[in-house]
Amino acid sequence: MTTESATTMATDAVGDHAGHPLLELSGLHTQFATRDGMVQAVHGVDLTVPAGKTVCIVGESGCGKSVTARSVLGLVDHPGHVNAGHVWWNSPTLGHVDLAAMDPKGADIRHVRAQEIGMVFQEPIASLSPMYTVGAQLGEMLRLHQGMTKQQARERAVELLTRVGIPKAHTRVDAYPWQMSGGMCQRVMIAMALAGDPTLLIADEPTTALDVTIQARILDLFRELQDETGMSVLFITHDLGVVAEIADEVAVMYLGRVVEQGTVEEIFENPRHPYTRALMGSIPTLGHTRRSAGRLSTIRGTVPHGAHRPTGCSFHPRCDVAVAGLCEVTAPRTLDDGASLIECHRWDPEALGSEVELGLPTLRREATPTTAERAHAENVTSATGNNLTESAPLLEVREVSMRFPVRSGFLNRHRADVHALDGVSLSIRPGETLGLVGESGCGKTTLGRCIVRAEDPTEGQILYSGSDDAVDLAGLHGGDLRSHQREVRMIFQDPFSSLNPRMTLGQIIGEPLVTHRVATGSELQDRVAQMLRRVGLSPDYMDRYPHAFSGGQRQRVNIARALILEPKLVVADEAVSALDVSVRAQILNLLQDLQDELDLTYLFISHDLSVVQSVCDRVAVMYLGKVVEVADTQQVFDDPQHPYTEALLSAVPIADPARRGEGRRIRLSDDLPDPIDRPAGCFFHTRCRHAVAGLCDGAPPALVPTADVVDGQDDFGRHRTACLRHSELELTGIAGTQEADR
Amino acid sequence: MLTFIGRRLLYMVPTLILISIVAFAIIQLPPGDYITTMIAQMEADGQSMDAATIEALRDRYGLDQPFYVQYWTWISNIVFHGDFGHSFQWNRPVGYLLGSTLPFTMLLTFSTLLFTWAIAFPIGIFSAVKQYSIGDYVATTIAFLGVAIPNFLLALALMYIALTVFGQPVGGLFSDEYASAPWSFGKFLDLLGHLWIPMVVLGTAGTAGLVRVLRANLLDELRKPYVVAARAHGLTERRILLKYPLRVAVNPFLSTIGWVLPALVSGEIIVSQVLSLPTTGPLLLRALRSQDMYLAGAIILIVSVLTVVGTLLSDILLARLDPRVRLGAR
């Protein structure tokens, strides 16, 4: 096997490789052969990972982060390959070796993959084979690489699973990946990466597909493991909050190059590259509600395709401070002072003429609200104060339940129910944005689907008061339903799969007009063109197909399709979750503009609390099919009255490295209760740190108004919570922690 | 697992009853019956039959009874006495006729299935792993040719080759000297010598189809994240391929059992005619042409039952091999 040849080589190699960093990429180029010619996905990356440190690579999708990570281990899939540069690896057994020069199918690189560099991927469930138990897959590696017997491998597998925090590891070892949650599978992947005691762990967006609560625990795990083993971590992410939580050093990538690199403190306190600054500006940070902050700043356009790399500085078409005649002509050189690195003409005294001042002014993080924004904020404030108190809610959900039957056994009999929604009551006032948050599986999407009647609720009423008297949407059928469906529309999550690839934009957006017999012929064309313009797309795109557009543009098409029938209520189901930060900011701004122009009411479903805080007037928190807390956004975030809300808030990573390790996080266990067999009493008591035996596992709590009353607030807007102990608990929101940095 | 099989067996009962009714209805569908065909034949030969004889014949065979009575007589005899009725044309019990052809049909079917798998499996894997290589293009081209060339044409070509190159007398499953001889080692070798032509002819189309299916499935699986993950864990390419994606991609192979069985029993009619094989195909063709209803009914019924049994077999195998099927992944 590999190990033998490796160890013999090691004896004479070990001595002379001290002094080299653990991993050093130099001039790395990875290209892909495509129909448009060669695309240089990684275009000369220099990066070092020192021993025992965590280096984060950040950037939008399409910037070459993942390809860089995969290039290290020779895992770039055909038709891509590393075409230049070196990956110097300070191997404990092989000495100072260039991984890029190794045969990607050879024994040496396999030895490095098995024993020295572990890797964790973005989609944990898909990264495990569905055909074998996790124990079998983990055990296979141990048997092959460590020469263990079947029995030893199994015992070691249980140990490893326990070490990565999997409860009941001795039974979980026999579970199949698809029987486990995403968080559990990611722990298994980490256990597999740790099996060979690696000195470097490469993690490619390991928490992107997970809930915030799970993400927080996985990040903890990385930190703990690093403390225990002293291994280095190369962490790929697009989430600056995560970077602030775990990074020692940060490399910002744009179009295949590292454009800025430095310690995490430097990058966050004084970002120098315009791209880094733009990324920082476009994240909605906790603590800024829509009333206080207003518009998010955005980056113009999107990352260009690798085949159309702009001349000069590749960021110049999107850069606000580009110097005409310089940035689009010559590529900036790398300014490396040893500790930090930047590639920007604005910081290069030699390139910059005397008429432009060197450097950029210190970044101000607060955005100024636009006029429209202020107008809206005033609108809503006055609405909560007075105007809307009299106006009836636009939509009132009353005691809606949704159960999906589970069938099993010999005759496939109805055995149990999955309780997706359990007596949910909610109201949405005209003109407001109600946020719906909770972990995945809490029923928020099901509720949205019931409201647009894509799903028929098992029981309860959905009262909609559009132009005339309240109508129960839950009881409507046929033509009546169709006419109300014109007024309640949905924006879907995935911009890639929710558009039919065989229809042109014109057909996609115009389809509701046709099916509801609203417009035909040239009137239809006109309305589609007008709608395209409204969502910021050119009417010329009408005859083109969705594949020609980026994720952000497709989401604009999705929005156009939802709005073409001039609805009153729009259900936005994770409408920005699949988008990059900069594009997400553009879409959020668009949604706000459209709300002001068209008097829309939004039900905004999202798992991202910072987004919800920046766009919603009120927030409802769901857990296991029930609403556990509902109140004004400010109240929910500053003064949560349910321990679950508190835990959710504390799990959100904050984009400020100075605040790391304050121990403010409340950790929820990964084990969500089974929605078929739910706990007695308060559903949350199994994970709640404030639960009291004999009380919380007794009678289920009702959603009741809390004691605190805000001036001018009517009964409708009262802060409500479903916690039996809320009056005696002192729960922390983000207000206390936010003030620290003011 | 036992619950699964038990439930599937229970589901089979109504399916089989329905199939038998449909099978019987189908052979009743063409206008007239065996007697009409017989009269027409006799008239063509210049003979005639008086009305009383015709009536007597109809009465004797129960052909004037209503549909459900005829069906019940037929099916109850099959189920309770194993009696498939009497073939008008051959003037022999249907059971006897089937007994002389079914074993050979089964033999041919299974050897063809094995042949198909033995060829399709390696070629499918090869052309998926080496996608767009010259070997892939060659295999793909041959596969398409295999689908496109009519089986009987291939049969004729192979017969010609067998005759001119190997000097082998063609047609049938046995040479003349063994045709009515008792079983011996010589007869067995003779059978093998004849079997390869129908096996290759019948196998090509199926092989070609399976190569395409396996290639497409394996290509999908090879792009799954777990393959990259397995590679990142330092496993060898060979082990990754054989243990991970192939295990998933092999599912359609098992599903083929369900439809390969009946297709081979009933689908080789033309080939069997050309090669004059003693299988059920030509028997069914003749029975249908002369409206020999009990013989035709029995064959259709057996083919249908084989379909159901084949599907059950492949489902059980699938559940055995794929935990997602067995444990019901959501």
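Points worth noting:
- For the range A:19-35, the residues whose amide N sits under 16 Å from a probe point set 7 Å from the Cα of A:N83 along the beta carbon direction are A:27-35.
- With the simple spin-label model, which puts each label point 7 Å out from Cα in the Cβ direction, the B:L114 to A:A51 separation comes to 6.1 nm.
- Where B:Y61, B:Y11 fall by accessible area, highest first, once all protein chains stay in place (1.4 Å): B:Y11, B:Y61
- Euclidean distance between Cα centres, the range A:443-521 to the range B:291-330, Å: 42 Å
- Net charge of neighbours whose Cβ lies under 11 Å from the Cβ of A:I342, counting Lys and Arg as +1 and Asp and Glu as -1: -3
- Apportionment of accessible area to carbon and sulfur, the protein assembly as shown, percent (1.4 Å): 56 percent
- Using a 1.4 angstrom probe on protein heavy atoms only, the contact between B and A buries about 2900 square angstrom of accessible area, both sides summed.
- Expected 222 nm ellipticity per residue - DSSP helices of 4 or more, -39500 (n - 2.57), all of chain A, to 500: -8500 deg cm²/dmol
- Of all DSSP beta bridges in the protein assembly as shown, antiparallel share, percent nearest 5: 65 percent
- Cα centroid of the range A:539-564 to Cα centroid of the range A:167-239, whole Å: 37 Å
- Near A:A136, once Lys and Arg are set to +1 and Asp and Glu to -1 for all other residues with Cβ below 12 Å from its Cβ, the sum equals +3.
- For chain B, the solvent-accessible area with a 1.4 angstrom probe is 51 square angstrom per residue.
- Restricting the range A:136-171 to trypsin sites (Lys or Arg not before Pro) in coil, as DSSP defines it, with at most 15 other Cβ within 10 Å: A:K168
- With a cut-off of 15 Å between beta carbons, the residues surrounding A:S498 carry a summed charge of +2, where Lys and Arg count +1 and Asp and Glu -1.
- Residues in the range A:194-200 carry Karplus couplings, in order, of 7, 4, x, 6, x, 9, 9 Hz; the curve used is 6.51 cos²θ - 1.76 cosθ + 1.60 with θ = phi - 60°, and Gly or Pro positions show x.
- Put a plus charge on the Cβ of each Lys and Arg, a minus charge on the Cβ of each Asp and Glu, and nothing anywhere else: the dipole of the range A:2-254 about its Cα centre is then about 780 debye.
- Here each label is just a point 7 Å from Cα along the line to Cβ, and for B:A179 and A:T171 those points are 7.0 nm apart.
- Scanning residues 5 or more positions from A:F235 or on other chains, those with amide H under 5 Å from its amide H are A:V55, A:C56, A:I57, A:A203, with H placed 1.01 Å from N in the peptide plane.
- Dipole magnitude of the protein assembly as shown about its Cα centre (Cβ charges: Lys, Arg +1; Asp, Glu -1), debye to nearest 20: 2520 debye
- Relative to the longest principal axis of the Cα atoms of chain B, the long axis of helix B:67-81 makes an angle of roughly 70 degrees.
- Normalising the average separation of contacting C-alpha pairs (under 8 angstrom, six or more residues apart) by the number of residues puts the relative contact order of chain A at 12 percent.
- Length-normalised contact order of chain B in % [C-alpha pairs under 8 Å, at least 6 apart]: 25 percent
- Distant-in-sequence amide contacts of A:S427, defined by a placed amide H-H separation under 5 Å and a gap of 5 or more residues or a different chain, comprise A:V397.
- Mean separation of Cα contacts under 8 Å (6+ apart) over length of the range A:93-196, as relative contact order %: 37 percent
- Spatial separation of Cα centroids for the range B:91-119 and the range A:320-356, in angstrom: 81 Å
- Taking GluC sites (Glu not before Pro) across the range A:313-355, the ones in a DSSP loop with at most 10 further Cβ atoms lying within 10 angstrom of their Cβ are A:E350, A:E355.
- Sites listed here are chymotrypsin sites (Phe, Trp or Tyr not before Pro) in the range A:432-528 whose DSSP assignment is loop and whose Cβ has at most 16 other Cβ atoms within 10 Å: A:F496.
- As a calculated quantity, the FRET efficiency between A:D337 and A:R660 at R0 = 22 Å, using C-beta atoms, amounts to about 0.30.
- Note on A:D103 and A:T520: their simple-model spin labels are 6.8 nm apart, each label 7 Å out from Cα toward Cβ.
- In order through the range A:232-241: 3J(HN,Hα) via Karplus (6.51 cos²θ - 1.76 cosθ + 1.60), integer Hz, x for Gly, Pro: 8, 10, 10, 10, 9, 7, 9, 9, 5, x
- Estimated at 0.36 nm per residue, the fully extended path between A:R678 and A:Y545 surpasses their Cα-Cα distance by 43.3 nm.
- Calculated FRET value between A:F404 and A:Q151, using beta carbons and R₀ = 41 Å, to 0.05: 0.50
- Rounded accessible area per residue of chain A, 1.4 Å, Å²: 40 Å²
- Ligands, DNA and RNA aside, A:I666 has an accessible area near 20 Å² when probed at 1.4 Å.
- At R0 = 45 Å, FRET efficiency that the Cβ-Cβ distance of A:E357 and A:W178 yields, to 0.05: 0.20
The values are calculated or read from the model by the stated rules, or taken from the named source; none is laboratory data. Computed from a predicted structure; not experimentally measured. Quick reminder, even Gly has a Cβ in these numbers, built from the backbone with ideal geometry, and neighbours come from all protein chains shown. We work out accessible area using only protein heavy atoms, side chains counted, and drop any ligands, DNA or RNA first. Shrake-Rupley method; radii C 1.70, N 1.55, O 1.52, S 1.80 Å.
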